[in-house]
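Single-structure report; data block below.
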Amino acid sequence: MAILKPFKGIRPPADIVEKIASRPYDVLNSEEARKESEGNEYSLLHITKPEIDMDPGIDVHLPEVYEKARENFDKFRANGWLVPDKKENYYVYAQTMNAKTQYGLVGCASVEDYMNGVIKKHELTRPDKEEDRMKHVRVNNANIEPVFFTYPAVNELDVIVEDVVNNTKPVYDFTADDGVGHHFWIIDNEDTISRITEVFAKIPASYVADGHHRTAAAALVGLEKMKNNPNHTGKEEYNYFLAVHFPDNQLSIIDYNRLVKDLNGLSSEEFLNKLETAFFVEKKGKEIFKPEHLHNLSLYLDGEWYSLIAREGTYSDDDPIGVLDVTILTEQVLAPMLGITDLRRSTRIDFVGGIRGLGELKRRVDSGEMKLAFALYPVTLKQLINIADTDNIMPPKTTWFEPKLRSGLVIHSLN
C-alpha cells in the first residue's frame, strides 16, 4: 500500500512567488533558461539550471556547476526568498488550463515504495540523466523540484481537498506567462493530516506520470543515505521525496507526435504505396487533419494530409504495448520502411508534444527541415496504468502531460 507523508515545506513569501516559480529544469535548455530568467534574480532556474550564472557553453555536468546550485540555494534561504514552514503539513497544488482545474495533494512519497514497486513507472530511464539529478539532490540535500504522480481516485480524498479549497484561502494564486493558473493551499490541521495519511495508506499503488528521472534520482539518493547511515532507523527525512499526487479522474494525456527527416531512399509515391499494406490510406487535403480515434494516425507529406487507419493484424488489443498507436507506427512504418530502429538515439526523428499543435508539424515539414510528420491519437491514462500494472514499458516519447508543474512553490529538505 502507498505511503504519503507530510513534511516541512520550504517556500517563498507570497509577494515573490511569481518571480521564483519556474518551469521544470528538463523542458528548457540552458540558453532558454538564461533568457527566461534574465533580469530576475529570484528565478528558481538559478538553482535548477545554475549554469545560467556561469560562462555560456560550460559543461553543465562539471562539479562547479552543481556547487553553484548549492551556493544559490543557500543564498535564497539566507535572503529569505525561501523560508521553511514551522511544522509538517500537506499542501494542495491546483492548476488551471483552458478553464479546467486539476487538484493535487503535495506530500512526500516513499523511497521504499519506489524500490518495491508500489510506485509504478511506465518509462525507461537513462543512467546519465539519473546521475545528473542525483548530483543535484546530493549537493542541495533537498528535492528542489517535485515529481508528478497519479493515483486511483478516492472520494474521501477528493472531499478533503474540496473542503480545503472552499474553506481556506490559498497562500499562492497567480497566472503564469503561459496562461496557466497556479493555486496553492496549506493543510495544517492535524486531524486532516492524519486522515489523509490513513486514507492514502489504503491505495494499492501510485504511478509516475511525469518526471521519471527525477523520481529515480530522488529514490536512489535516499537509498544511498540509508546504506551510509549506520544508525539508520527508517524515519529519517531522506526516506521520502517530494511529489504532487493527482487523482486519475482529473488528468488527461495529450498527443506526442513524430517528425522524420527523410523517406529512407523512397519516393513519396513509393512510400504511400507501401503504407497501404498496413493502413487504409485516405488523402484529406491541405487542411490540418487530426486523428479521430485509436488506431487512426495522420500523415503530413508534400503539403498534403492523410488519414491512416491501421488494418487488423497490425495491432493487438490484448497486448498493453501492442495496442498502442506508437507501437503500430514503429513496427509497421518507422523500422521496416524508414529504417529507424532506435528511437532514443536516431538523429533522423524528432518528437513534438501536442501542446504545440499540429501546425508545428506542418511548419517544420514545409520549411524543409523535415520531410514528413505523423500525428497520433493520445494515449489514455487507463492505458498508462495498465502498462505500469503489467510491468511493461512504453515506447519512448509516448505521453505528454500538460500543464507542467511549476517548480519553486515548495521544496523538500532531506535533513
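Every number in this text was worked out from the coordinates using simple rules, so none of it is lab data. Since the structure is predicted, the reported quantities are computational estimates derived from the model, not experimental observations. A quick note on method: Cβ atoms are made from the backbone with ideal geometry, for glycine too, and the neighbour counts reach across all protein chains shown.
Of note:
- Overall, the ratio between the Cα radius of gyration of the chain and 2.2 N^0.38 Å, rounded to two decimals, is 1.04.
- For the stretch 311-320, Karplus couplings with θ = phi - 60° (6.51, -1.76, 1.60), whole Hz, Gly/Pro x: 7, 4, x, 8, 8, 10, 5, 8, 10, x
- Order by protection proxy (mean Cβ within 10 Å, highest first), peptides 207-216, 255-264: 207-216, 255-264
- Rounded, prolate or oblate (a/c below 1.5 giving rounded, otherwise prolate when a/b exceeds b/c) for the stretch 160-259 by Cα gyration tensor: oblate
- Largest-first ellipsoid semi-axes for the stretch 132-180, taking √(5λ) over the Cα gyration tensor eigenvalues, angstrom: 29, 18, 12
- Karplus-based coupling profile of the stretch 171-188, in residue order and whole Hz: 7, 10, 7, 8, 10, 6, 4, 7, x, 7, x, 10, 9, 9, 10, 9, 9, 10, with θ = phi - 60° in 6.51 cos²θ - 1.76 cosθ + 1.60 and x standing for Gly or Pro.
- Considering only ILE203, ILE160, GLY80, and ranking their Cα positions along the charge dipole of the stretch 10-252 that arises from unit charges at the beta-carbon of Lys, Arg, Asp and Glu, the one farthest toward the positive end is ILE203.
- Dipole magnitude of the chain, debye to nearest 20 (Cβ charges: Lys/Arg +1, Asp/Glu -1, about Cα centre): 380
- Cα long-axis angle, helix 155-167 against the chain (0 to 90 degrees, to the nearest 10): 60
- Helix 127-140 vs. the chain, principal-axis angle (Cα, 0 to 90°, nearest 10): 20
- Which listed pairs, of LYS8/LYS121; LYS261/LYS286; LYS8/LYS75; LYS121/LYS290; LYS35/LYS290, have C-alpha distances above 25 Å, in listed order: LYS8/LYS121; LYS121/LYS290; LYS35/LYS290
- For ALA209, residues with placed amide H under 5 Å, excluding near neighbours: PHE148, PHE149, THR150
- In plain terms, the residue of LEU329, LEU4 with the fewest other Cβ atoms within 10 Å comes first and the most crowded comes last, giving LEU329, LEU4.
- Taking amide H atoms as placed 1.01 Å from N in the peptide plane, the amide H of VAL323 lies under 5 Å from those of SER316, each 5 or more residues away in sequence or on another chain.
- Rounded is the label for the stretch 256-377, because a/c, from the alpha-carbon gyration tensor with a ≥ b ≥ c as root eigenvalues, stays below 1.5.
- Kirkwood hydrodynamic radius (C-alpha pairs) into Stokes-Einstein, the stretch 311-407, 10 °C and 1.306 mPa s, D in µm²/s: 106
- Tilt relative to the chain, helix 63-78 - C-alpha long axis, 0 to 90 degrees, to 10: 50
- A helix-only calculation puts the chain at -8500 deg cm²/dmol for mean residue ellipticity at 222 nm, using -39500 (n - 2.57) for each DSSP H run of at least four residues, averaged over all residues.
- Centre separation in Å (Cα based) which lies between the stretch 48-95 and the stretch 312-383: 36
- Reciprocal mean inverse distance between Cα atoms of the stretch 10-252 - Kirkwood radius, Å: 19.0
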